[in-house]
Amino acid sequence: MKVEGSVKTVILGEIIFPILLLVFGIYHGLMQALYRAGIIKDMSFLGIEYYQGLTLHGVINAVVFTTMVIVAFGNAVFLYYLKKPLRPAVQWVSFLMMVIGTLMAAWAMFTGKANVLYTFYLPLVAHPAFYIGAALLLVGSIIPLFFDWAPNYIAWRKEHPGEKVPLAVFGVFVNHIMWVIMLVPVVITVVFQMIPLSLGITQEENVSLSRTLFWAFGHPLVYFWLLPAYTMLYTILPKIVTGDGKLYSDSAARFAFILFILFSFPVGLHHQFTEPAVTNNYKLIHALFTFGVAVPSMLTAFTVAASLEYSIKQKYPEVRDSLFYWWTKIPYISLEGDKWLVSYFMAGLFLFFVGGITGIVNASYNVNLVVHNTSFVPGHFHTTVGGLVTLSLLGISLYMVSKLMGKDIRFKGLAVLAPWLWWQGMLIFEYAMSVAGIHGFPRRTNAGLSYLNPESPLYRPEWVGYAELSAFAAFIIVLGFVFWAVSFFGTILSPKVREETLEFPTASALHDEKAPALNRLTPWFTVSVLLFVLSYLPALYDVTKRGVFFDSPGYNDKNPVPITKPQSAKEEKTNTAEAK
Ligand code: HAS
């Protein structure tokens with residue numbers, strides 16, 4: 001279909017703008033690996049400090065890039081499948097809010113005023129511009145849902161009574177409603193705790209409360225990243241793997257999304273297993289729900305594998321009786337038509353297999369105590385958000401840009417090799433980080449100045465090899481990104497060769513049962529919100545029983561002295577003055 005001018009510009013902007021920033025994000029990822037391996041032995045490099053670079057790496061890659069491209073994908077999915085126009089005014093307001101917010105936060109980070117890492121909970125304090133910028137980005141990202149997608153969804157359902165909404169629309173819609181729900185706790189801590197502290201209106205805040213509210217957002221957030229990738233795996237991958245492949249079961253896919261609605265929220269305490277403020281029993285309940293939220297991913301693994309097997313066996317009768325030999329027929333490296341995208345999904349799936357296993361390790365309450373705050377955790381999330389999610393978003397960005405601009409994909413060979421380099425690099429990186437983590441190598445540490453410095457009393461020679469291996473892996477990952485970027489920017493800068501269109505290859509379902517319960521979202525979301533609230537009430541009681549607002553002063557990354565004045569210090573001063 002053809003996309004009218006202004007909306008097309010917005011969608012392209014939502015892809016190209018964050019990708020320009022992603023170049024910095026990826027660069028700072030490489031720098032991290034070099035600091036940690038002791039190849040850079042300094043507090044800063046080229047004027048950017050260690051924690052400043054780490055914040056830029058996390059915020060750009062995991063928050064800005066993901067959010068904006070997910071909104072772009074959502075806009076495109078709604079346009080293409082429902083064939084209803086998006087309102088240019090809504091789109092521009094949303095896009096400009098996201099751009100202005102990102103620029104404000106970027107200013108704070110690039111000037112060193114927001115070295116708070118991408119998990120920006122208290123007591124680390126940033127410049128108000130960081131929080132206000134982040135808020136603008138997040139609010140901008142939900143505007144299309146309220147003013148374009150939801151009205152179009154409702155109108156479509158009225159016009160097509162008894163029909164199922166297209167699966168891609170279902171996935172994107174569910175994901176964005178979850179996004180709105182999960183934003184509630186983080187907005188509370190940003191508005192009522194972080195901004196007042198950073199503006200100097202308050203001098204102390206309840207850190208345990210801030211962390212609990214942050215993680216009530218922080219874990220569902222990972223599914224906000226994941227579900228667009230699953231949407232692509234269910235709709236695009238089965239089709240392009242053979243050119244006319246099928247999704248094994250439409251209901252299984254919808255059921256997986258429904259399970260995410262239920263189980264994505266009551267799990268955030270698994271990031272706080274080591275925090276004394278919350279009673280252990282509540283953490284155990286969240287640990288059990290975490291095993292629950294792994295189930296829809298296992299279901300996805302089954303459905304995707306079944307779709308691949310069915311589609312390949314239909315196409316190649318000679319492998320119909322084979323148990324595993326059909327794997328060899330998957331076009332892992334193919335330049336034919338849209339098959340180049342298969343490499344992004346397959347490389348992502350292979351990484352996510354590892355990410356799933358390490359996620360279960362993290363979730364296992366007592367085992368978590370071994371790996372928490374070690375490099376095992378970044379090992380895990382580089383194969384999830386840095387694996388399947390990033391590869392799917394990079395692939396779909398290149399795909400959408402080429403379609404929307406009417407251009408052929410340039411340097412297609414590089415585009416096909418890119419995800420495999422990324423995959424290989426990430427796999428080595430994951431191995432090095434995980435094993436080092438099990439041996440106690442901490443995350444978020446400029447190790448080159450401490451544990452990996454032979455002159456330091458903290459020197460730990462057993463970590464050196466792993467850190468060096470992860471730096472080697474980082475180079476392979478960056479090379480993969482360079483291959484992708486050459487193809488992406490090459491495509492953008494190449495001349496237009498055909499009509500600008502928007503289209504997504506879409507697999508029809510082999511088993512396409514009606515299952516009306518899976519298409520009514522309100523009951524599922526009602527139960528989900530109830531579960532969310534109930535699972536958090538005891539924990540919120542725990543962290544607020546000694547006071548809701550005041551607890552601890554604010555800090556920055558420079559030294560361990562508070563940067564805001566604690567209430568107790570003020571009281572002490574007044575008492576001393578009165579005594580005199
Ligand atoms: Fe996680 C920490 C537990 C999934 C991201 N996670 C993180 C952090 C991030 C993150 C960013 O319980 C760090 C936060 C920080 O900075 O502190 N995670 C889990 C569990 C899952 C999980 C149980 N995580 C994700 C996803 C992420 C993500 C998805 C991003 C997108 N995670 C944790 C825990 C922590 C944690 C603890 C805290 C650790 C700590 O101590 O700080 C599950 O949802 C995973 C389920 C996945 C599976 C895998 C299914 C496999 C598939 C591939 C199949 C392959 C096929 C190919 C089909 C069960 C779908 C077939 C090929 C053929 C040829 C046939």
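The values are calculated or read from the model by the stated rules, or taken from the named source; none is laboratory data. Everything numeric here is computed off the predicted structure, so don't read it as measured data. When we count neighbours, we look across all protein chains shown, and the Cβ atoms used for this are built from the backbone with ideal geometry, even at glycine. Accessible surface is based on the protein model in full, side chains and every heavy atom, while ligands, DNA and RNA are left aside. Shrake-Rupley method; radii C 1.70, N 1.55, O 1.52, S 1.80 Å.
Points to keep in mind about this one:
- Percent breakdown of C-alpha pair distances by 10 Å bin, ordered from the shortest bin, for region 409-490: 19, 36, 23, 16, 5, 0
- Computed from backbone phi with θ = phi - 60° and the Karplus coefficients 6.51, -1.76 and 1.60, the 3J(HN,Hα) list for region 348-358 is x, 4, 4, 5, 5, 4, 5, x, x, 5, 5 Hz; x is used for glycine and proline.
- Of the residues 197, 482, 406, the one whose Cα sits farthest toward the positive end of the charge dipole of region 6-566, with +1 on the Cβ of Lys and Arg and -1 on the Cβ of Asp and Glu, is 406.
- Cα gyration tensor category, rounded, prolate or oblate, for region 498-545 with a/c compared to 1.5: oblate
- A full extension of the chain between residue 503 and residue 482 corresponds to an added length of 4.9 nm, given 0.36 nm per residue minus the alpha carbon distance.
- Extension gain from residue 559 to residue 322, taking 0.36 nm per residue of separation minus the Cα-Cα distance: 79.1 nm
- Cα convex hull of the chain, projected area averaged across orientations, nm²: 28.2
- Under Karplus coefficients 6.51, -1.76 and 1.60, residue-wise ³J(HN,Hα) of region 360-366 in Hz, glycine/proline x: 5, 4, 4, 6, 6, 2, 6
- Modelled spin labels at residue 534 and residue 103, positioned 7 Å past Cα toward Cβ, are 4.7 nm from each other.
- Protection-proxy order for peptides 548-560, 408-420, 161-173, 510-522, each taking the mean of Cβ atoms within 10 Å per residue, highest first: 408-420, 161-173, 548-560, 510-522
- Ordering of 498-504, 187-193 by packing [mean C-beta count within 10 Å, highest first]: 187-193, 498-504
- Summing +1 for each Lys or Arg and -1 for each Asp or Glu among the other residues whose beta-carbon sits under 9 angstrom from that of residue 326 gives +2.
- Whether region 211-265 is rounded, prolate or oblate, judged on the alpha carbon gyration tensor where a/c under 1.5 counts as rounded: oblate
- Using θ = phi - 60° and Karplus 6.51 cos²θ - 1.76 cosθ + 1.60, couplings along region 402-410 (whole Hz; Gly, Pro as x): 5, 5, 5, 9, x, 10, 7, 6, 8
- Per residue, the accessible area of region 6-566 comes to 38 Å² when a 1.4 Å probe rolls over the protein heavy atoms.
- Region 40-87: C-alpha pair distances exceeding 16 Å, %: 58
- Centroid-to-centroid separation of region 101-128 and region 495-527 [C-alpha atoms, Å]: 37
- Heavy-atom accessible surface of residue 332, to the nearest 10 Å², is about 60 Å², with a 1.4 Å probe and all protein chains retained.
- Here the dipole of region 6-566 is about 640 debye; that uses its Cα centre as origin and unit charges on the Cβ of Lys and Arg (positive) and Asp and Glu (negative).
- FRET efficiency for residue 281 and residue 545, using Cβ-Cβ distance with R0 set to 22 Å, rounded to 0.05: 0.90
- The amide H of residue 555, built 1.01 Å from its N in the peptide plane, has 124, 125, 563 as neighbours under 5 Å, considering only residues 5 or more places off or on other chains.
- Carbon and sulfur %, accessible surface of the chain computed with the full protein complex present, 1.4 Å: 69
- Simple spin-label estimate for residue 335 and residue 199 in nanometres, 7 Å along Cα-Cβ: 5.8
- Anisotropy class of region 320-403 from Cα gyration tensor, a/c 1.5 cut: oblate
- Pairwise Cα inverse-distance average, inverted: Kirkwood Rh of region 71-134 (Å): 13.6
- For region 271-350, the calculated P(r) over all alpha carbon pairs, in 5 Å bins from 0 to the bin holding the longest distance, is 3, 12, 15, 16, 13, 9, 7, 7, 7, 6, 4, 1, 0 percent.
- Comparing Cα centroids, region 47-84 and region 305-336 end up 33 angstrom apart.
- The chain: antiparallel DSSP beta bridges as a percent of all, rounded to 5: 60
- Approximating the spin labels as points 7 Å out from Cα along Cα→Cβ, the residue 494-to-residue 180 distance works out to 4.0 nm.
- Normalised by the number of residues in region 6-566, the average gap of Cα pairs under 8 Å and 6 or more apart makes the relative contact order 20 percent.
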